[in-house]
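Working notes, beginning with the structure itself.
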């Protein structure tokens, strides 16, 4: 008959064994898929047989520790990628499949964005994040990633509205949780109508300390927005009225990035709303090594063009139909 406490000890031994096995699966997978080591090199380094390494890699795939995806990009899509990257001096461009259904299309772009983040996030990275529908779909489709010392830094002040799960700090919190990292919230409102008051608030230490974090960001993810009065999120979340949007739209100010309205040549627009915003300045955004802009749909073509011309993004993630329209855009 087992002695008192013996069952508990056996359970702990079993749990510790499972943890050690999973750690080995992760370690070997990283060596093979991330470090590019051969199975024989791993075998020699860990002093185990090559067949044991092979079994570990198969088990890692079975348990979804390793997720293998096939890149089925067509030659036509590759041609579009090359053309847009060359024309606008992009570091990279990712094209997702297009779909006539608006939400499916958003999801496709979200999956592509999540995969890009999974493939590029490294230990100790500081990741800047705006918010919006495209960022929400990216975070929703992101799998939990085993990285260490990650910091997720909020790029814009917050607001309290019904879609806070898409536009508020919840997106920042969810991303940090999936990366196993620390969320750096910006404890400030997104917009203040009283500009002198806003300028005074910008002198507060808590605000200035957060702004200093922008200098350390390695990679940022931002949406690209339209100012079209019929569909602009600036109206739906209450930042601008339909009349305000109609006025700037008729002046050719068709885009915003990080809520900053820009002209079609990419320059910062001289509109009052830009003075009210508490968020990263566009010149600060340009200094981040890799700014990933995410957008798709016909209404985002001109905003994408404006952002590309302004040099605000280094990597573009969109869908195939939008990519074709961007490549063939003529003003």
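Couple of notes before you dig in:
- Ranking of 190, 46 by neighbouring Cβ atoms within 10 Å, starting from the fewest: 46, 190.
- Note on residue 79 and residue 275: with the Förster distance fixed at 45 Å, the Cβ-Cβ geometry gives a FRET efficiency of about 0.60.
- Fewest neighbouring Cβ atoms within 10 Å first, the residues 218, 177 line up as 177, 218.
- FRET efficiency estimate (nearest 0.05) - Cβ-Cβ, residue 204 to residue 62, R0 45 angstrom: 0.30
- Summary of packing: across the peptides 25-35, 137-147, the per-residue average of other C-beta atoms within 10 Å ranks them, highest first, as 137-147, 25-35.
- Put a dot 7 Å past the Cα of residue 104, heading toward its Cβ, do the same for residue 330, and the two dots end up 3.2 nm apart.
- Under the simplified labelling scheme, the residue 249-residue 48 pair shows an inter-label distance of 6.0 nm, with each label point 7 Å from Cα along Cα→Cβ.
- Degrees separating the helix 102-120 axis from the principal Cα axis of the chain, which is the longest one: 60
- Contact order normalised by residue count of the chain, Cα under 8 Å, 6+ apart, percent: 17
- DSSP beta bridge pairing in the chain, given as percent antiparallel to the nearest 5: 25
- Size descriptors for the stretch 75-327, from the alpha-carbon set: Rg then Dmax equal 17.1, 54 Å.
- In this simple spin-label model, placing a label point 7 Å from the Cα along the Cα-to-Cβ direction at both residue 193 and residue 236 gives a separation of 2.4 nm.
- Ellipticity estimate at 222 nm from DSSP helix runs (n ≥ 4, -39,500 (n - 2.57)) divided over the chain, nearest 500: -14000 deg cm²/dmol
No lab work stands behind these numbers, since they all come straight from the coordinates. This is a predicted model, so every value here is computed, not measured. Neighbour counts run over all protein chains shown; Cβ positions are idealised from the backbone, glycine included.
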